[in-house]
Amino acid sequence: MTAHWGLPDPAAVEGSDAEKALAFAETYRALTRRIQAITALPLASIDKLALQSRLKDIGEDRA
């Protein structure tokens, strides 16, 4: 099972050091939310179609 969780590249942000730090912090928060959502899934009892749908939702921050 795979999922694409595209996020903006924080290393590509131009601006002040504070703006760059904010971009990295936002990316970190998004990844943390998504990882927490996937680890909370009932993997032992969810079918493949439902799992794929949930992974897609997580990637779109609709978890």
When you scan region 1-34, how many residues do you find that are in a loop (DSSP other than H, G, I, E, B), within 9 Å of the chain's Cα centre (by Cα) and surrounded by 10 or more Cβ atoms within 10 Å (Cβ to Cβ)? 2
Taking Leu55, is it at pLDDT 95 or above, assigned to a helix (DSSP H, G or I), more than 9 Å from the chain's Cα centre (by Cα) and surrounded by 11 or more Cβ atoms within 10 Å (Cβ to Cβ)? no
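The values are calculated or read from the model by the stated rules, or taken from the named source; none is laboratory data. Just so we're clear, the structure is a prediction, and the values are computed from it rather than from any experiment. Every residue, glycine among them, receives a Cβ derived from its backbone with ideal geometry; neighbour counts consider all protein chains shown.
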